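Notes to accompany the following structure.
All of the numbers you see were taken from the coordinates with simple rules; none came from a lab. All values derive from a computational prediction rather than experimental measurement. Here the Cβ positions follow ideal geometry from the backbone for every residue, glycine too, while neighbour counts run over all protein chains shown.
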């Protein structure tokens, strides 16, 4: 069965550095999402992306965050200047149509030192 | 943001017992989803519900979309050790083009062999 794949599985970065998290959504999917999960807490929505633009974003997704689909397969989340509180699991998800169930990758664990 | 109240927070059960967990909200949801998360992995979709009153099964799992559209439950029958994990409910709010998921805080299930 097709899967959402995310790299790296674990990223350790110094506070203030930029980090890019990568996702390869399922190949015929058109809607893409990023979520984060702080350790021991619930999964929180960050942003959704469709037709090469952001369609929704949460208050967490401030000016330090950006998303991009640089080619036909990758979907990236960039955090420009990381803070300690950005430490979390970041999950990518995708769907073919917006109202279909979202399929999640296994996440990237981001650790900010 | 919108809140989903998921209960119980955790449960310890004997292998073979049935399990029930639920989510409630003060808001109406268009879609209810149930996911399972194993340590170090992303949420895996178990059941998706689209209509008020809908009752859907997936093997030993059964979930219902509440008539008021403000709640959902998940039942697991005859639990086995591999049912261990964290179960999350998630909902999509009504709204044109709004597909973000709001997650509950999870129910951590432990199964005693």
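Take peptide A:30-43, look around each residue's Cβ out to 10 angstrom, count Cβ atoms belonging to other protein chains, and average those counts. Provide the component values of the computation, followed by the final result.
On the way: counts 0, 1, 0, 3, 0, 6, 0, 6, 0, 0, 3, 3, 11, 12.
Mean shielding count: 3.
Post the alpha-carbon centroid distance, region A:63-113 to region B:36-103, in whole angstrom.
22
Sort B:11, B:21 so the one with the fewest other Cβ atoms within 10 Å of its own Cβ comes first. Could you put the intermediate results ahead of the total?
Working: B:11 17, B:21 23.
Ranking B:11, B:21 by Cβ neighbours within 10 Å, fewest first, gives B:11, B:21.
Give me the distance in nm between label points sitting 7 Å out from Cα along the Cα-to-Cβ direction at residue B:20 and residue B:55, one decimal.
Using points 7 Å along Cα→Cβ, the separation is 1.2 nm.
Normalising by the residue count of chain B, find the relative contact order in percent from Cα pairs under 8 Å and 6+ residues apart. Don't skip to the end; give the middle numbers.
Numbers: 291 pairs, mean separation 41.2, N = 113.
Across chain B, relative contact order equals 36 percent.
What three numbers, in Å, describe the spread of the alpha carbons of chain B along their principal axes, ordered from the longest?
46, 29, 20
For chain A, report the translational diffusion coefficient in µm²/s to the nearest whole number, using Stokes-Einstein at 10 °C, 1.306 mPa s, and a Kirkwood Rh over Cα pairs. Walk me through the intermediate numbers first.
On the way: Rh = 14.0 Å.
The Stokes-Einstein estimate is 114 µm²/s.
Give the calculated FRET efficiency between residue B:78 and residue B:9 to the nearest 0.05, with a Förster radius of 22 Å applied to their Cβ-Cβ distance.
Working: r = 23 Å, r/R0 = 1.04.
That pair, residue B:78 with residue B:9, gives E of 0.45.
Tell me the relative contact order for region A:1-95 as a rounded percent, counting alpha carbon contacts under 8 Å between residues six or more apart. Write out the running numbers ahead of the final one.
On the way: 185 pairs, mean separation 36.0, N = 95.
With pairs under 8 Å counted, the relative contact order is 38 percent.
Obtain the nm distance between the two label points defined at residue A:41 and residue B:41 by a simple spin-label model: each point lies 7 Å from its Cα along the Cα-to-C-beta direction.
2.5
Would you order B:23, B:89 from fewest to most other beta-carbon atoms within 10 Å of each residue's own beta-carbon? It would help to have the intermediate numbers written out before the result.
Details: B:23 27, B:89 30.
In increasing order of surrounding Cβ atoms, one gets B:23, B:89.
Among A:18-29, A:3-14, how do they line up from the highest to the lowest mean number of other beta-carbon atoms within 10 Å?
On the way: A:18-29: 16.9, A:3-14: 14.4.
The peptides rank, most packed first, as A:18-29, A:3-14.
In square nanometres and to one decimal, what's the mean projected area of the convex hull around the Cα atoms of the protein assembly as shown? Provide the component values of the computation, followed by the final result.
Details: hull surface 48.9 nm².
Answer in nm², one decimal: 12.2.
Give the Rg (one decimal place) followed by the Dmax (whole number) of region A:14-63, computed from C-alpha coordinates and expressed in Å.
My reading of the Cα-based Rg and Dmax gives 12.7, 36 Å.
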